[in-house]
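Following: one structure in structure tokens, then a few remarks.
Every read-out reported here was derived from the displayed coordinates using simple, explicitly stated rules and does not represent laboratory data. In this text, all values refer to a predicted model and were calculated from it rather than measured experimentally. Note that each Cβ is placed from the backbone with ideal geometry, even for glycine, and that neighbours are counted across all protein chains shown.
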Amino acid sequence: QAKAPGGHGHAVYDEQMRHAAHSRLRLDSALRDGVARRQFHLHYQPVLDLRTGTWHGAEALLRWRHPQLGPVPPGTFIPLAEETRLIVPLGARVLDEAARQLAEWQAEGTVPPPFVLAVNVSSRQLRAGFVDSVAAALDQHGVPGSSLALELTESVLLADSPGIGHTLADLRALGVQLHLDDFGTGYSSLSYLERLPMDVLKIDRSFVADLTTSTEKRALVTAITAMADALGIPVTAEGVETPEQLALLRELGCRYGQGYLFARPDDPRTTGGLLRATPAYADGAVPEAR
Ligand code: C2E
Ligand code: MG
Ligand code: MG
Ligand code: MG
């Protein structure tokens, strides 16, 4: 057992450990309970096509409101759900609910083609039966595979599982798009992009955040967009918050944008209303900061 940094004794460290383990255990059972009691729901965040100024799609983002704890952020409960494998049943519900919402929006004309709804998928979910569950969700709600995208992270592609190539090929055979999420935060080996083709690269928010202030970040985003362009893969920038970032991303040829500047993740009613309206920034002009 290592000592805690800063010269704390074992007693303090053990106490902290016990506390962390205890609250983890509590959160773990609360999570289990929450899945059974349907405390989870989806928010949706629109994605703008920076070229046409129209809404291109949206991303489904899972929310957990615990009766006592209040809203628990995904950054806290998703890793725990992955560890405990609760992400498998939870993710199946996310997929089903997203497909249901998509069908509703399509039926009422809220999201005309080529609108694509993206759902985040953890590597733990990508195993036997996953392709069938995607096919079932599409089938049950009558939505075409081409209007669904699955967001995967680099870790999924690098995980040394021989079946992954087949799984992704089967998903693509359903017409489903594959988007590489948080691009740039994982490993820098790009060889898998050739083996496992992606429909969109999503540049991680951390690059966009410092885009206008850090020359290094700007160089990296320039390189990423140039590489994606050479591969013929469109890029989505996530976490766009300022008109300055937007202007620069447009200049670099970034095709899609997502961020608080355009819309925050919100409940289906609010997001549906936004999607039916013309987006701000539709004219391609960069308006004054609001
Ligand atoms: P992600 O897939 O990279 O999602 C983007 C995150 O950035 C979301 O955080 C979104 O709310 C946030 N975001 C979007 N625009 C902005 C912006 O302009 N500024 C800032 N500061 N943040 C912005 P959220 O909703 O907290 O989700 C965090 C992560 O949790 C997601 O990152 C994703 O990895 C995971 N996650 C969420 N829902 C699901 C799900 O249904 N299944 C799985 N497996 N993971 C999920
Ligand atoms: Mg995502
Ligand atoms: Mg992302
Ligand atoms: Mg991210």
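Where in segment 195-290 are there GluC sites (Glu not before Pro) that are in a DSSP coil and have at most 13 other Cβ atoms within 10 angstrom of their Cβ?
GLU288
Of all chymotrypsin sites (Phe, Trp or Tyr not before Pro) in segment 157-240, which ones are in loop regions per DSSP and have a Cβ with at most 10 other Cβ atoms within 10 Å?
TYR187
Sorted by mean Cβ packing within 10 Å, highest first, what order do the peptides 169-175, 66-72, 132-138 take?
In descending order of packing, they fall as 132-138, 169-175, 66-72.
Would you list ILE87, ILE203 from fewest to most Cβ contacts within 10 Å?
By the 10 Å Cβ count, ascending, the order reads ILE87, ILE203.
Enumerate by residue number the trypsin sites (Lys or Arg not before Pro) in segment 33-79 meeting two conditions: DSSP loop (anything except H, G, I, E, B), and at most 16 other Cβ atoms within 10 Å of the site's Cβ.
Here the sparse-neighbourhood loop sites are ARG37, ARG38, ARG51.
Considering every pair of different Cα atoms, what Kirkwood radius, in Å, is found for segment 60-136?
Result for segment 60-136, one decimal place: 13.9 Å.
Out of all DSSP beta bridges in segment 28-117, what portion is antiparallel? Express it as a percent rounded to 5.
85
Report the FRET efficiency, 1/(1 + (r/R0)^6), for ALA219 and THR52, where r is their Cβ-Cβ distance and R0 is 25 Å, rounded to 0.05.
Using R0 = 25 Å, I get an efficiency of 0.35.
Select from LEU42, LEU25, LEU62 the residue whose mean-square fluctuation is largest in a Gaussian network model of the chain (Cα-Cα springs shorter than 10 Å).
Judging by the Gaussian network model, the answer is LEU25.
Compute for the chain: radius of gyration divided by Kirkwood radius, i.e. Rg/Rh, restricted to C-alpha atoms, rounded to two decimals.
Computed over Cα atoms, the ratio is 0.99.
If you put +1 on each Lys and Arg Cβ and -1 on each Asp and Glu Cβ, how big is the dipole of the chain around its Cα centre, in Debye rounded to 20?
660
Over its Cα atoms, what ratio of radius of gyration to 2.2 N^0.38 Å does segment 97-167 give?
So segment 97-167 has a normalised radius of gyration of 1.22.
Scattering from the C-alpha atoms of segment 71-225 alone, worked out with Debye: what is log10 I(q)/I(0) at q = 0.12, 0.19, 0.20 1/Å?
At q = 0.12, 0.19, 0.20 Å⁻¹ the computed log10 ratios are -0.58, -1.27, -1.34.
Rounded, prolate or oblate: which one fits segment 139-218, using the alpha carbon gyration tensor with axes a ≥ b ≥ c (rounded when a/c is under 1.5, else prolate when a/b beats b/c, else oblate)?
It is oblate, given that a/c is not under 1.5 and a/b is not larger than b/c.
Around VAL116, which amide H atoms from residues at least 5 apart in sequence, or from another chain, sit under 5 Å from its own amide H, with H modelled in the peptide plane?
GLY57, ALA58
Can you work out the Karplus-derived ³J(HN,Hα) for every residue in segment 149-155? Use 6.51 cos²θ - 1.76 cosθ + 1.60 with θ = phi - 60°, whole Hz, and x for glycine or proline.
10, 10, 9, 10, 9, 4, 4
Under 5 Å between amide hydrogens, which residues at least 5 positions from GLU151 or on another chain qualify, with H placed 1.01 Å from N in the peptide plane?
VAL119, ASN120, VAL121, HIS179
If I stretch the segment between ARG65 and ARG93 completely, what's the gain in nm (0.36 nm per residue apart, minus their alpha carbon distance), one decimal?
8.5 nm
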